[in-house]
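Below is one structure, written out as structure tokens; comments come after it.
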Amino acid sequence: MLWATAGVVALGFLIALEIVARRYAGVPGPITNQAKEVIFAPKPGPLYGGLALMMVVLTWRQRFIAAGAAVGIDVVFVLVRWAVGADMSDGRYFGNGALWVMLGCAVIAVTRRTGRERVLLLQGVGLGLLLVAGRKTGDTWLLITSKTRPTVLDQYVATADHALGNPSWLAGRILKATGPVGIHVLDLVYAQLAVAAVAVALYQLRDVATERRFPSHHLVRTFLVIGLLGPAIYMIFPVVGPIFAYGPGTSGTGGLQWAVADLWPHTPPPIGAPHPVPYDGITPRNCMPSLHTAWATAIFIHSRKGPRALRYAGTFWLVATLSATLGFGYHYGADLIAGVVFSLTIEAGLRSLDRGWDRSGTRLVAYGATVFTVLLLSYRYLPVEMAGHPWLSGPLLVLAMGSVIYGYVRTTRSWEPKAAPARRPEPQLELV
């Protein structure tokens, strides 16, 4: 019943988003875009990532069959596209096979499986399709933010960021000084965040095929909820980021015709009276909070119980993602603080939902939500005061984030099962 209810809610949400996208943005929504990929060339990464997640419920023999079928179908599609002279210059020429295999597994589950095996296979298919649908939903949300929020609040966040020492401006200059190698590495990390998430999720779900059940909590749940709730904050607090609001920067993106001034990354913005400014109808208002930071934080948290290599990889991805979001000018320092608090609050809520709400879980979620709300309100209504007293407001921002981190670590450690103490052997009588 829980999975059926979740499926109905997800379908209703996608239908609503389809209607909103067509009415306010004049473009197809996530359902139409996903349906097109049954025939038309998609982005292969998300589809094959979804297929990998789906295959955690299959045996090794079934995995080889599923992977071979996906590759075979893609070979046929590529040959047909080549034969008809389809344009494949954008790099989209395969990926349909993964979607066809997932849909085929759903048909097999309904027609050839019964009982627990049917439910498990449908759960696997649903997990894979949710990853793909989440990407489509996010793209649609971003388009809606650009069409429905004509003004942005970048001046407010840039002013508040003086309390943190304008970290995006500093990181932008450092990244430029590293040359093409540093830029290429961070760009790769930033663009392939989903790959790291799939790797951690596959480790967490490695025993599903043998145990015939999913673990109570895993990274995919947190990833999807972050992607679902984050764009709602974009609508409330629309921000485009320093590289767009304050100049083209080092990567050549953005446009001076809409920028407040050409300042990033060499000249910090002046402290003045901030006000909403109009911006184009194309650039997503996806800056506050930084969801890349929230996702990287979730990857870091879920990699803590893995082997040493996975823990190191999770740490590297978090540090590199934070460096990229600031160095490329996609986010302000204030966005990163909000992103960390946002991620920890969602993770605490999901873990509390799984284990049953108690006082400690409720208190932690309420505190995280309160801190997140206070951060947004302070960025919006107290930026000048924050910029005027950086030695007070800056440490307070870091302390607020640190208090949520401390509360999360302290509370979740108390939830961990305690190891039973080793029984001491009773003294035995010996013959003398």
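Hey, rough spin-label estimate for Arg206 and Val185, points 7 angstrom out along Cα→Cβ, what's it come to in nanometres?
2.7 nm
Given a Förster distance of 25 angstrom, what is the FRET efficiency for Thr148 paired with Leu377, based on the Cβ-Cβ distance and rounded to 0.05?
So, using R0 = 25 Å, E works out to roughly 0.70.
Which value, in nm² and rounded to one decimal, describes the direction-averaged projected area of the C-alpha convex hull of region 67-148? List each step's numbers first, then the result.
Details: hull surface 31.0 nm².
Its Cα hull, projected and averaged over all orientations, spans 7.8 nm².
One-quarter of the Cα convex hull surface for region 223-380, in nm²? Spell out each step's value before the answer.
On the way: hull surface 42.7 nm².
Computing the convex hull of the Cα atoms and averaging its projections yields 10.7 nm².
Could you compute Rg(Cα) / (2.2 N^0.38 Å) for the chain, with N its residue count? Please report the intermediate quantities before stating the final value.
Numbers: Rg = 24.1 Å, N = 432, 2.2 N^0.38 = 22.1 Å.
Dividing the Cα Rg of the chain by 2.2 N^0.38 Å gives 1.09.
Hey, if we sort Thr297, Thr178 by accessible area with the 1.4 Å probe, largest down, what's the order? Don't jump to the answer; show the numbers that get you there.
Values: Thr297 10, Thr178 75 Å².
The ranking, largest first, comes out as Thr178, Thr297.
Could you work out how much longer the chain between Val80 and Arg113 gets when fully extended? Use 0.36 nm per residue separation minus the Cα distance between them, nm to one decimal. Can you show the working numbers first?
On the way: separation 33, 0.36 × 33 = 11.88 nm, distance 3.33 nm.
Answer, rounded to one decimal: 8.5 nm.
Given points 7 Å out from each Cα along the Cα-Cβ axis, report the Val27 to Thr5 separation in nanometres with one decimal.
3.5 nm
Any idea how far apart Thr59 and Arg410 come out in nm if each label point goes 7 Å out from Cα toward Cβ?
5.1 nm
Suppose the chain between Leu170 and Asp262 were pulled fully straight at 0.36 nm per residue; how much longer would it get relative to their current alpha carbon spacing? Don't jump to the answer; show the numbers that get you there.
Values: separation 92, 0.36 × 92 = 33.12 nm, distance 1.56 nm.
Value of the extension gain: 31.6 nm.
Can you give the Kirkwood hydrodynamic radius for region 114-168, in Å, rounded to one decimal and based on Cα pairs? Mind showing how you got there, number by number?
Working: mean 1/r = 0.0661 Å⁻¹.
Kirkwood radius, region 114-168: 15.1 Å.
Can you give me the solvent accessible area of Trp317 with a 1.4 Å probe, rounded to the nearest 10 Å²?
50 Å²
Using Cα springs under 10 Å in a Gaussian network model of the chain, which residue among Arg410, Arg81, Arg359 shows the largest mean-square fluctuation?
Arg359
Over the Cα atoms, compute the radius of gyration (one decimal) and Dmax (the largest Cα-Cα distance, rounded to a whole number) for region 58-97, in Å.
According to the Cα coordinates of region 58-97, Rg and Dmax are 12.5, 39 Å.
Starting at the first residue of region 326-340, write each ³J(HN,Hα) from the Karplus equation 6.51 cos²θ - 1.76 cosθ + 1.60 with θ = phi - 60°, in whole Hz, x for Gly and Pro.
Those phi angles translate into 7, x, 7, x, 7, 9, 8, x, 4, 5, 5, 4, 5, x, 5 Hz.
Please build a GNM for the chain, connecting alpha carbons under 10 Å apart, and tell me which residue among Leu399, Leu193, Leu127 fluctuates the most.
Checking each option, the largest mean-square fluctuation is seen for Leu399.
Could you tell me the extents of region 81-122's C-alpha atoms along the three principal axes, largest first, rounded to whole Å?
46, 17, 7
Quick query: amide H of Val152 versus all other amide H atoms, modeled in the peptide plane; which residues come in under 5 Å with a sequence gap of 5 or more or a different chain?
Val277, Tyr279
The values are calculated or read from the model by the stated rules, or taken from the named source; none is laboratory data. Fair warning: this is a prediction, and the values are worked out from it, not measured in the lab. Reconstructed Cβ throughout: ideal geometry from the backbone, glycine too, with neighbour counts over all protein chains shown. With ligands, DNA and RNA removed, areas are computed over all heavy atoms of the protein, side chains included. Shrake-Rupley method; radii C 1.70, N 1.55, O 1.52, S 1.80 Å.
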